[in-house]
Amino acid sequence: MRTVMFAISLLGCFSSILFVTGCSTGAQLHRPAEEKTAQVAKDALDASKITSGLKAERILLAELTQREADIIRRSELALRDRWLLSVFKGEDGLSSWTEINKEILQRVKFLLGPSANSQTAIKIGTDIERIRFLQERLDVQQRMYNLASQGKGSTTCPAPVQAPKHATQDAADFYADFLEACDGYTKVNKELEDDIKKVSGLFVAVTNELALLKSERNQVKVNLAAKKEAYNAARNEYEEAIAKGNESVIATKAKALQDKLKALGEKVDTIGATAQKLHFPQLGEEGYLEQLKIQSNSISQILDALQGAQSKAVPSANFKPALLVASTLTGFEKAFSAVKHPEVGPALIQSEHIRLELSALERRLSRIDERESLLKKRVDAILLELQYLAPSMTNLTVYVGDGCSKTAPISDAFKPAGDIKCRQSILNALVRYSVSWELARVEQELLHYRMRALEHEIVLDHSENPLAQNQNLVRIPLRSSWSTTPAGFARKIWPT
């Protein structure tokens, strides 16, 4: 008897499996062949790693930029040493004061324009050195005054018209020293600004590029703000499409489940009223009736979940399991496959397209910041070179003022019988020029090539964005394919 009951129970479970899985030959929610094709295509796309080649190129570019920097530094220093050696040996047309002065003046004209002369270089270079000194003095006076006033005073420069009140005499004295340093700094800074307005050359070219960069940044920020608004609108459109799809699915599923529940109820009533065995005469009436009741109970729970989702606008916790179970019921897969959401796919593609454009604009803004940093460093390097060129040109003037020959080889000044004053002034001029080359000129060359490397990075950015767009346009349809498993379908109906 127990064996018979076990067989009835086992066959009852088997009938349940058949009943749940169904054997319809119509439209199927899960089409294994299409799923396999989509999965193979997606795996192939992921494995291709379209943009990975650009990552490798960026790594190689960084390595080459570092090697290039080492070569440039050695090359520039070798050129400097060769130039000094030629001066003392009297080679390459660099033996006399006239030739040396011409060489250094050419560098000044390259930096400040063809109208610049030795007086221009001396004035600007001297102002730069004075500003650096006055800036240090100003910083010291600010710190001293802050200590005396216990941080309660104002140390803005230029100073306010109305002087602040001081708690102690020491604070008042330090504030007076601060005002004196501030006045000196402001005066020299104004003189330098006026002198720079009269020059051109590399310095003006770099500062003009900085000014253009500011306007470019402002435009990118405007475009970035507009693109963020467009992205938010696209995401809202996508979410609204999803919400519409959910409402349609909930209504369709609820109706189908009601029909299914009604049909099961009729079958239960039939079994209860007659002794006829439906579908499986070999099974006991009790076993099949129990299975129908289990199905009826499951569908009632699914309906509760759907109704809760519809009334609250947010599905209950049982919603996704309910859909998963519902998608496996006999004949119910047709209802699933009949629900279409044509607006969801385009909305998702559009939002992802704008997201990538937004990312490209953010990258461009970052590149502008990098370029600005390099340009500012280049301006500082030019000013530093001018600071050292000024005393070099001053000593060349002293050389002539001491009555030293402009045409005689300067090596004569270093002979035992040479004039010590001529030796000292020309040596000072050469040392300052050498230092300007090592500390500032080399740095300018390095920054020039770093700018070229940054331009290469920007070109890679321009290539990476369309590649990502193309990859995105292929991946989204594959990822959003309706040929999916029931579990995948449940995730699509209400994505987390």
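Every number in this text was worked out from the coordinates using simple rules, so none of it is lab data. These numbers were taken from a predicted model, which means no experiment stands behind them. Positions of Cβ are generated from backbone atoms using ideal geometry, with glycine treated the same way; all protein chains shown enter the neighbour counts.
Give the whole-number value, in cubic angstrom per residue, of the convex hull volume spanned by the C-alpha atoms of the range 349-392. The partial results should precede the final answer.
Values: hull volume 1.2 nm³, N = 44.
Value for the range 349-392: 27 Å³ per residue.
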Starting from the Cα of Thr407, step 7 Å toward the Cβ, then list every residue of the range 68-97 with an amide N under 15 Å from that point. 95-97
For a label point 7 angstrom out from the Cα of Leu439 toward its Cβ, which stretches of the range 379-399 have the backbone nitrogen within less than 13 Å? 381-392
At 7 Å along the Cα-to-beta-carbon direction for both Leu210 and Gln119, put a label point, then send me their distance in nm to one decimal. 2.8 nm
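Sorted by mean Cβ packing within 10 Å, highest first, what order do the peptides 430-437, 135-142, 442-449 take? Intermediate values should be presented prior to the final figure.
Numbers: 430-437: 20.6, 135-142: 16.0, 442-449: 18.2.
My ranking of the peptides, most packed first, is 430-437, 442-449, 135-142.
So for each of 102-109, 191-198 I average, over its residues, the number of other beta carbons within 10 Å; can you give me the resulting order with the highest mean first? Show your work: numbers first, answer last.
Values: 102-109: 16.9, 191-198: 13.0.
Ranking, from highest mean packing down: 102-109, 191-198.
Can you give the convex hull volume of the alpha carbon atoms of the range 80-209 per residue, in Å³? Kindly include the intermediate steps, with their values, before the conclusion.
Working: hull volume 20.9 nm³, N = 130.
In the range 80-209, the Cα convex hull volume per residue is 161 Å³.
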Take the Cα of Lys221, step 7 Å along the line toward its Cβ, and report every residue of the range 354-390 whose backbone nitrogen sits under 20 Å from that point. 358-376
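Figure the gain on full extension for Arg132 and Asp81 (residue separation times 0.36 nm, minus the Cα-Cα span) and round it to one decimal in nm.
The Arg132-Asp81 span can extend by a further 15.5 nm.
Which entries of Lys123/Lys187; Lys109/Lys198; Lys221/Lys377; Lys109/Lys197; Lys123/Lys198 have Cα-Cα distances beyond 18 Å here? Intermediate values should be presented prior to the final figure.
On the way: Lys123/Lys187 14 Å; Lys109/Lys198 13 Å; Lys221/Lys377 24 Å; Lys109/Lys197 15 Å; Lys123/Lys198 12 Å.
Those over the limit are Lys221/Lys377.
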